[in-house]
Amino acid sequence: MARNIQSLERAAAMLRLLAGGERRLGLSDIASALSLAKGTAHGILRTLQQEGFVEQDEASGRYQLGAELLRLGTTYLDVHELRARALVWTDDLARASGESVHLGVLHQQGVLIVHHVFRPDDSRQVLEIGAMQPLHSTALGKVLSAYDPVAHSEAVESDRKAFTDRTVCDLGDFEQLLDLTRARGFAADVEETWEGVAAIAAPIHDRRRMPVGAVGVTGAVERLRRDGELRPELIAAVRDCARAVSRDLGAGRF
């Protein structure tokens with residue numbers, strides 16, 4: 001019979017300890033709870049911290065679960081399930097808005113389009129499922145960056161390329177946009193990625209209220225705006241769609 005690897009067992013026990021009870025624990029608390037020498041506990045914590053599974057508060061020195069572990073915790077939600085839950089709602093959004101609808105998830109430092117509903121007219125359109133969009137300039141990407149700590153790190157650490165003269169590249173300005181996104185519950189892209197194109201997106205959450213994707217409408221600037229402002233009925237429709245998909249995933253009401 002194969003023997004278990006002790007260091008992995010200890011790391012797993014440490015993560016379970018941090019996942020329950022108090023939100024943050026000190027080194028002495030962790031070592032005592034797991035009957036480990038402080039040096040041993042510190043070595044495991046340092047490794048977990050380097051991998052992003054644990055974070056240390058600079059002020060108190062206490063430890064808590066890291067963003068990477070939270071990201072892994074959402075992998076039970078298969079992309080195909082997310083797409084299946086969103087099918088009806090995204091179709092309804094396309095009909096109500098008259099625009100194309102995209103469903104995106106974080107993937108390899110960008111936004112992967114996992115579902116695309118064509119604009120309900122007779123115009124020629126190209127299916128964009130499998131396409132990648134940037135995190136820092138698109139509405140879908142800003143939503144993921146605002147609500148998902150891993151996406152935020154990816155966007156902050158990446159080279160924020162200017163696609164148009166409206167693209168926000170400065171880190172401080174970008175962080176302000178993310179604050180605005182969280183405050184409003186949606187993100188916008190008005191010719192920041194493509195000239196003449198605007199988009200509105202909102203976050204989708206799972207049953208633990210973890211961000212698992214974003215949904216949005218995309219279309220010509222003159223159709224998405226009225227008197228220089230994004231049409232409020234489109235914003236409401238996108239947010240309603242995101243909330244409906246989130247409810248189907250067990251998130252409850254937001």
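Please work out if Gly219 is in contact (Cβ under 8 Å) with a residue 40 or more places away in the chain, out of contact with any Ser or Thr (no Cβ under 7 Å at 6 or more places or on another chain) and open to solvent by less than 20 Å² (accessible area, probe 1.4 Å).
The answer is no for Gly219.
Yes/no per residue for (1) touching a helix residue (DSSP H, G or I) at 6+ places or on another chain (Cβ under 8 Å); (2) at negative phi; (3) not in a strand (DSSP E or B):
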{"residue": "His102", "(1), (2), (3)": "yes, yes, no"}
{"residue": "Leu106", "(1), (2), (3)": "yes, yes, no"}
{"residue": "Asp121", "(1), (2), (3)": "no, yes, yes"}
{"residue": "Leu127", "(1), (2), (3)": "no, yes, yes"}
{"residue": "Gly130", "(1), (2), (3)": "no, no, yes"}
{"residue": "Val143", "(1), (2), (3)": "yes, yes, yes"}
{"residue": "Ala151", "(1), (2), (3)": "yes, yes, yes"}
{"residue": "Ala155", "(1), (2), (3)": "yes, yes, yes"}
{"residue": "Asp159", "(1), (2), (3)": "no, yes, yes"}
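Among all residue pairs at least 6 apart or on different chains, which show Cβ distances below 7 Å where the first residue, located in the stretch 50-69, is without any contact (Cβ under 8 Å) to a residue 40 or more places away in the chain and in a helix (DSSP H, G or I) and the second is buried (at least 17 other Cβ atoms within 10 Å of the Cβ) and polar (S, T, N, Q)?
As it stands, the answer is none, since no pair meets every condition given.
Here is a list of conditions, (1) crowded, with 17+ Cβ neighbours inside 10 Å; (2) farther than 21 Å from Val79 by Cβ; (3) under 19 Å from the mean Cα position of the chain (by Cα), and Leu234 meets all of them except one; can you say which number that is?
Result: Leu234 fails condition (3) only.
Looking for whichever is modelled with pLDDT under 95 and within 23 Å of Glu99 (Cα to Cα) here; the options are Arg226, Arg208. Which one fits?
Unique residue meeting the criteria: Arg226.
Just to check your reading of the model, which residue among Ala155, Ala146 is in contact with a His (Cβ under 6 Å, 6 or more places away or on another chain) and either of a type outside the set (Val, Ile, Thr) or surrounded by fewer than 18 Cβ atoms within 10 Å (Cβ to Cβ) (or both)?
Ala155
Out of the residues in the stretch 166-215 meeting the condition of being among the aromatic types (Phe, Trp, Tyr) and touching a Lys or Arg at 6+ places or on another chain (Cβ under 9 Å), tell me which one is least open to solvent (accessible area, probe 1.4 Å).
Applying the filter and picking the extreme gives Phe174.
Could you please find all residues in the stretch 18-37 being over 14 Å from Gly61 (Cα atoms), open to solvent by 50 Å² or more (accessible area, probe 1.4 Å) and at pLDDT 90 or above?
Ser32, Ala33, Ser35, Ala37
Residues Phe118, Phe163: which one is open to solvent by 30 Å² or more (accessible area, probe 1.4 Å), touching a strand residue (DSSP E or B) at 6+ places or on another chain (Cβ under 8 Å) and closer than 25 Å to Ile235 by Cβ?
Phe118
The values are calculated or read from the model by the stated rules, or taken from the named source; none is laboratory data. If you're wondering where the values come from, they're calculated on a predicted model, not measured in any experiment. Cβ atoms come from the backbone with ideal geometry, glycine included; neighbour counts cover every protein chain shown. For the accessible areas, the whole protein counts, side chains as well, though only heavy atoms, and no ligand, DNA or RNA atoms are used. Shrake-Rupley method; radii C 1.70, N 1.55, O 1.52, S 1.80 Å.
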